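Undergrad: Below is a structure I'd like to ask you about.
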Amino acid sequence: IRTDYLLHRANERFDQQILQLQALHRIGSNINSTFDLELILSAISESMAKDLDFEKSGIVFLEKSSQRPLQSAYTGFSNTEYRLFLEGFEELLMPALQQDDVYLQTAAYAPEAWGRFLSALSVSSLILLPMRIKSRLIGFIVGARTHVTLRLSDAERRFYAMYAAQASTAIENSRLYEALGQANLTLEENVLERTKNLVEANERLRELDQAKSNFISLVSHELRTPLTAIKGFIVTLFHYDKEISEAKRRVYLSVLNEETDRLTRLINELLDISRIESGGMQIQWRPVVLPDIVQRVFDTLAVKANTVKLVKDFPPTFPSIVADPDKLEQVLVNLVGNALRYSPADGSVSVAGRRHEDGVILEVKDEGLGIAFAEQERIFDKFYRLDNEINRKNPGTGLGLSICRALINLHGGKIWAESELHHGCRIMFTLPLHLDKETDGESLVAEEAVS
């Protein structure tokens with residue numbers, strides 16, 4: 001009889017080992033066939049229930065740095081029970097996971113805190129299987145029986161340890177696969193971003209090279225035109241001085257004067273744009289009465305205005321500001337000069353000013369051809385000129401409005417155009433009062449003024 005009993009027990013242990021090996025094989029096949037962490041967690045939780053006969057089971061994956069539950073799956077627990085289970089993580093579960101590779105707790109022999117915990121979960125026995133990679137805890141598996149008090153032999157403990165080790169490897173592989181995928185994605189994004197930046201840089205270099213070529217061509221033309229006229233009339237006066245009448249002499253000298261002024265303007269514009277771009281343009285802060293500057297500009301351009309009416313419109317209470325009077329006069333000469341060029345002979349050009357927020361706003365208005373909406377921003381770009389009959393008859397560098405914008409920006413203001421085709425144009429710009437810069441001989445270089 002004893003021999004039969006021992007043989008029966010040996011057969012039971014053998015059958016149990018076969019079932020455990022089959023369980024390991026099944027769970028290994030399931031979890032090693034995917035790198036999806038959610039599927040792996042679900043497969044392990046279901047395997048604990050189906051293959052190992054736990055009525056309630058679950059698996060928890062921990063966040064690497066905080067060691068707090070990050071992702072989990074469970075079978076058999078109600079939502080409330082599983083929430084209570086996770087609430088015991090700090091007080092009961094974490095200390096238990098630090099003790100053994102297989103931790104067993106039963107209601108019959110549990111300490112008071114564990115007894116209450118198992119009772120709340122409606123279980124009699126609970127087993128915890130820590131999952132570790134190189135001694136680092138990455139998560140744990142839980143299995144619970146509701147009516148059976150578990151006893152674990154050494155062989156069963158070794159089996160559960162193997163089970164947890166296989167689960168740990170699968171989860172770590174999933175994490176590494178995800179990290180590799182993210183690294184590849186980041187690498188791909190970086191390559192695309194660098195490629196895009198390289199294409200944009202090459203395009204920008206191409207544009208700069210084209211701009212340089214256009215600049216050299218434009219400046220060469222603009223310099224050659226007045227120099228040719230100056231050279232021609234000087235040669236004529238030199239060789240035929242006695243034969244030329246006084247009237248013609250005055251015409252020739254007038255042309256020489258105009259072409260010299262044109263050459264001077266071109267050189268000044270080139271010097272201004274160079275100083276602005278290098279940060280060498282200085283702002284000399286002085287008290288400024290803008291209506292007085294506008295009147296000086298009108299006086300300067302009175303001959304050019306001819307029959308075009310010049311109108312100044314400022315309220316009596318218009319405030320004084322602190323600015324660079326020479327730079328503002330340069331801006332207004334350019335804007336009013338442009339307005340006169342486009343205005344009809346019987347038209348008018350007006351300069352109006354009013355208070356605006358914490359500063360003032362000025363408006364230079366003409367009755368000319370107007371500017372298409374698409375070009376209202378581009379007219380402030382360097383070397384850009386509108387393609388129309390008037391500009392074709394009046395050569396220029398296309399630097400004037402670019403310089404105006406830079407000078408207004410240096411004062412902390414803003415300049416823009418508002419226009420409709422065939423309905424004239426308004427160039428508007430704002431200026432802060434800058435009363436805190438009351439004249440004290442202070443001057444700021446361009447970069448400081450912009451900041």
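Undergrad: Is it the case that some residue within segment 57-77 is of a type in the set (Ser, Thr, Tyr) and within 26 Å of residue 154 (Cα to Cα)? Show your work before the answer.
TA: First, the residues of segment 57-77 that are of a type in the set (Ser, Thr, Tyr): 57, 65-66, 72, 74-75.
Now restrict to residues that are within 26 Å of residue 154 (Cα to Cα): 57.
Within segment 57-77 (the criterion being of a type in the set (Ser, Thr, Tyr) and within 26 Å of residue 154 (Cα to Cα)), the answer is yes, since at least one residue qualifies.
Undergrad: Further question on the same structure: Just one of (1) β-branched (Val, Ile, Thr); (2) over 15 Å from residue 406 (Cα atoms); (3) not in a loop (DSSP other than H, G, I, E, B) trips up residue 331, so point out which.
TA: The one condition residue 331 does not meet is (2).
Undergrad: Same structure again: How many residues does segment 241-269 contain that are out of contact with any helix residue (DSSP H, G or I) (no Cβ under 6 Å at 6 or more places or on another chain), surrounded by 11 or more Cβ atoms within 10 Å (Cβ to Cβ) and of a type in the set (Ser, Thr, Tyr)?
TA: 3
Undergrad: Looking at residue 170 and the list (1) surrounded by fewer than 22 Cβ atoms within 10 Å (Cβ to Cβ); (2) within 42 Å of the chain's Cα centre (by Cα); (3) at pLDDT below 85, which single condition is not satisfied?
TA: (1)
Undergrad: Go through segment 221-320 and tell me which strands (runs of 3 or more DSSP E), entirely inside it, have 3 or more residues that are under 30 Å from residue 342 (Cβ atoms).
TA: The qualifying strands (runs of 3 or more DSSP E) are 309-313.
Undergrad: Considering 99, 67, which residue is among the polar types (S, T, N, Q), at pLDDT below 90, more than 49 Å from the chain's Cα centre (by Cα) and farther than 20 Å from residue 55 by Cα? Walk me through how you get there before you give the answer.
TA: On the way: 67 fails: more than 49 Å from the chain's Cα centre (by Cα).
After ruling out the rest, the residue left standing is 99.
Undergrad: Restricting to segment 70-88, and then to whatever is farther than 21 Å from residue 161 by Cα and in contact with an Asp or Glu (Cβ under 8 Å, 6 or more places away or on another chain), can you tell me which residue is modelled with the highest pLDDT?
TA: The extreme case among them is 76.
The values are calculated or read from the model by the stated rules, or taken from the named source; none is laboratory data. Bear in mind that the values here come from a model prediction, so they are computed numbers and not experimental data. A quick note on method: Cβ atoms are made from the backbone with ideal geometry, for glycine too, and the neighbour counts reach across all protein chains shown.
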